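Working notes, beginning with the structure itself.
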Amino acid sequence: MNDIAFGLDTFGDVPEGDDGVPVSHAAAIRQVVEEAVLADDLGVDAIALGEHHRPDYSISTPETVLAAIAARTSSIRLGSGVTVLSSDDPVRVFQRFATVDALSSGRAEVILGRGSFTESFPLFGYDLADYDQLFEEKLQLFTQLLDEKPVTWSGTMRAGLENADVYPKTESGRLTTWVGVGGTPQSVVRTAYYGLPLMLAIIGGAPDRFAPYLDLYRRAAGQFGTVAHPAGMHSPGFVADTDEQAREVYYPRYKVNRDRIGRERGWPPITPREFEHEIEHGSLYVGSPETVARKIAGAVQTLDVGRFDLIYTAGSQPVSARLRAVELYGSKVVPMVRDLVAGS
């Protein structure tokens, strides 16, 4: 447990400036770069940028932003969270992340997913009726590309390849690749089948509810004869100097974001009572460094994961508050969690 890694995740939510007005998408992207640089300075292990194609998020090409971060950092691992492989091309995804790997001297990692948001499918000309088959075929091809040898492959969702070599190669010979899973058993088993690390998205409910998925991953890997890598988890939260300040800054903007998505998906608006319940018993890590650290320590011990990522943006939290959240996470929360886990 002592070697657990800690990361930060963001979708590039558009924040408020000091005047309370949302900044431009361009400024939001530059802000993420600054937050990543700060995280690197503080020794945070990883940052993951999500791919989205909607107005409330600024990042549509994580690897482009990661390349900018690579040029200004030295240690932090640089990943996507997630790359929607279903509506992209596996060859191009590999090439782009192999390029980030080169620019960062081996720090790139891609987290592949089917996509919980579907805007990319019509945008790039894919039929949602092919949602499952697109991911299955493209993941199959991507895992072959990871061997960095000539690939012969055929499928129904993409043109086949015949002894095709793909460049650039990575210096290590293997691009670090995870699969992001929202809790579907079939996705867990598929990840184990390909022998890839599992990143479990836990965005609601008590963490211990997800223990069966991690057990399934390990059992499936054993049956397939693949490696059950240390799993990761990522969950939303926010750190401020006090519990009260964290709630005050986070909740109203989180509610706008959550209710907007809820209207699209048929969810009722979130209430203050539900918000408090998720903080106390669910998967919202909101509060002072001490509060957040205790909750993270409990979650990682319960699930026995090797990495915890905090989704530190969820709405238009102000730029200054976001920077403070990153600072507190790296300088206080992570050391506290390490101490709590080591002492248990």
*Mind checking which residues of segment 46-58 are under 13 Å from the mean Cα position of the chain (by Cα) and assigned to a loop (DSSP other than H, G, I, E, B)?*
GLY50, GLU51, HIS52
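Tally the residues that are assigned to a strand (DSSP E or B), of a type outside the set (D, E, K, R) and over 17 Å from the mean Cα position of the chain (by Cα), restricting the search to segment 1-29.
Counting residues in segment 1-29 that are assigned to a strand (DSSP E or B), of a type outside the set (D, E, K, R) and over 17 Å from the mean Cα position of the chain (by Cα) gives 1.
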*Scan segment 20-34 for residues that are surrounded by fewer than 24 Cβ atoms within 10 Å (Cβ to Cβ), touching a strand residue (DSSP E or B) at 6+ places or on another chain (Cβ under 9 Å) and within 17 Å of ILE311 (Cβ to Cβ) and jot them down.*
ALA28
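Of everything in segment 120-151 that's among the hydroxyl-bearing types (Ser, Thr, Tyr) and over 28 Å from LEU103 (Cα atoms), which residue is surrounded by the most Cβ atoms within 10 Å (Cβ to Cβ)?
Checked segment 120-151; the qualifying residue surrounded by the most Cβ atoms within 10 Å (Cβ to Cβ) is TYR126.
Yes/no per residue for (1) in contact with a Gly (Cβ under 6 Å, 6 or more places away or on another chain); (2) without any contact (Cβ under 8 Å) to a residue 40 or more places away in the chain; (3) acidic (Asp, Glu):
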residue: SER24; (1), (2), (3): no, yes, no
residue: GLU35; (1), (2), (3): no, no, yes
residue: ASP45; (1), (2), (3): yes, no, yes
residue: HIS52; (1), (2), (3): no, no, no
residue: ASP56; (1), (2), (3): no, no, yes
residue: GLY79; (1), (2), (3): no, no, no
residue: VAL84; (1), (2), (3): yes, yes, no
residue: PHE94; (1), (2), (3): no, no, no
*Has segment 99-108 got any residue that is without any contact (Cβ under 8 Å) to a residue 60 or more places away in the chain, under 16 Å from the mean Cα position of the chain (by Cα) and open to solvent by 10 Å² or more (accessible area, probe 1.4 Å)?*
yes
*Just checking, which of GLY50, GLY12, GLY17, GLY7 is open to solvent by less than 20 Å² (accessible area, probe 1.4 Å), closer than 24 Å to GLY298 by Cβ and not aliphatic (A, V, I, L, M)?*
GLY7
*Those residues of segment 259-288 which are over 30 Å from SER24 (Cβ atoms) and either of a type in the set (Gly, Ala, Ser) or in contact (Cβ under 8 Å) with a residue 60 or more places away in the chain (or both), in sequence order*: GLY266, GLU278, HIS281, GLY282, SER283, GLY287, SER288
*Name the pairs whose Cβ atoms lie under 6 Å apart, with the first residue in segment 289-306 and open to solvent by 40 Å² or more (accessible area, probe 1.4 Å), the second assigned to a helix (DSSP H, G or I) and not β-branched (Val, Ile, Thr), and 6 or more positions between them or separate chains?*
THR302/PRO207; THR302/ASP208
_I'd like the residue in segment 262-279 that is surrounded by 14 or more Cβ atoms within 10 Å (Cβ to Cβ) and under 26 Å from GLY17 (Cα atoms) and, out of all such residues, is modelled with the lowest pLDDT._
GLY262
*Among the residues of segment 196-209, which ones are under 23 Å from LEU49 (Cα atoms) and either modelled with pLDDT of 95 or more or assigned to a helix (DSSP H, G or I) (or both)?*
LEU196, PRO197, LEU198, MET199, LEU200, ALA201, ILE202, PRO207
*Here are ARG158, ARG253, ARG218, ARG174: which of them is within 15 Å of VAL305 (Cα to Cα) and open to solvent by 50 Å² or more (accessible area, probe 1.4 Å)?*
ARG218
*What number of residues within segment 315-334 satisfy the criterion of being among the small types (Gly, Ala, Ser), in contact with a strand residue (DSSP E or B) (Cβ under 7 Å, 6 or more places away or on another chain) and under 10 Å from PHE238 (Cβ atoms)?*
2
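Name the residue that is most open to solvent (accessible area, probe 1.4 Å), counting only residues in segment 191-204 that are out of contact with any His (no Cβ under 9 Å at 6 or more places or on another chain) and in contact (Cβ under 8 Å) with a residue 40 or more places away in the chain.
Per the stated criteria, the residue is TYR194.
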_Can you tell me which condition ALA211 does not meet? The list is (1) touching a strand residue (DSSP E or B) at 6+ places or on another chain (Cβ under 7 Å); (2) of a type in the set (Gly, Ala, Ser); (3) open to solvent by 30 Å² or more (accessible area, probe 1.4 Å), and all the others hold._
(1)
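Just name the residue that is farthest from GLU109 (Cα to Cα) out of those in segment 74-85 that are open to solvent by 20 Å² or more (accessible area, probe 1.4 Å) and not small (Gly, Ala, Ser).
So the residue we want is VAL82.
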*With PRO230, PRO318, PRO335 as the choices, which residue is open to solvent by 10 Å² or more (accessible area, probe 1.4 Å), within 20 Å of the chain's Cα centre (by Cα) and either closer than 25 Å to ASP40 by Cα or among the charged types (D, E, K, R) (or both)?*
PRO230
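The values are calculated or read from the model by the stated rules, or taken from the named source; none is laboratory data. The model shown is predicted, which means the values in this text are computed figures rather than measured ones. In this analysis, Cβ positions are derived from the backbone assuming ideal geometry, glycine residues included, and neighbour counts consider all displayed protein chains. Surface accessibility is based on the protein's heavy atoms, side chains included, excluding ligands, DNA and RNA. Shrake-Rupley method; radii C 1.70, N 1.55, O 1.52, S 1.80 Å.
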